[in-house]
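Worksheet: one structure, shown below.
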Amino acid sequence: MTTISIAYEVPASTVEAIRAMLDETALRDVNWNGADFKIVRDDFTCIEGNESHEAVALLNQIQDIISGQ
């Protein structure tokens with residue numbers, strides 16, 4: 001399981017957009033094939049315990065959604 005922490009100030013609608021992107025990623029991204037993503041709310045946004053290149057790229061996608069890009 002990969003835990004994704006999302007900052008409390010991120011609106012619920014944005015969290016749902018992130019969840020949709022993560023579901024799509026688990027289905028279609030070779031690096032995350034079948035991944036079980038768990039979203040939790042926290043003081044800041046991060047991917048806990050994973051500093052791989054793939055995790056950094058995924059976090060960048062999450063940040064893009066948060067910033068509205």
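The values are calculated or read from the model by the stated rules, or taken from the named source; none is laboratory data. Here the structure is a predicted model, which means the values were calculated and not measured. In this analysis, Cβ positions are derived from the backbone assuming ideal geometry, glycine residues included, and neighbour counts consider all displayed protein chains. For accessibility, only protein heavy atoms count, side chains too; no ligands or nucleic acids. Shrake-Rupley method; radii C 1.70, N 1.55, O 1.52, S 1.80 Å.
Structural remarks
- Top-ranked residue in the stretch 10-20 [being outside any loop (DSSP other than H, G, I, E, B) and open to solvent by 50 Å² or more (accessible area, probe 1.4 Å); ranked as nearest to residue 37 (Cα to Cα)]: 19
- Any chance residue 3 is in a helix (DSSP H, G or I) and either of a type in the set (Phe, Trp, Tyr) or within 13 Å of the chain's Cα centre (by Cα) (or both): no
- Lone unmet requirement of (1) in a helix (DSSP H, G or I); (2) in contact with a Cys (Cβ under 8 Å, 6 or more places away or on another chain); (3) in contact (Cβ under 8 Å) with a residue 40 or more places away in the chain for residue 59: (3)
- Positions within the stretch 46-61 being under 10 Å from the mean Cα position of the chain (by Cα) and either open to solvent by 80 Å² or more (accessible area, probe 1.4 Å) or under 14 Å from residue 12 (Cα atoms) (or both), in sequence order: 60, 61
- Matching entry among 23, 64, 29, 43 (being charged (D, E, K, R) and surrounded by 13 or more Cβ atoms within 10 Å (Cβ to Cβ)): 29
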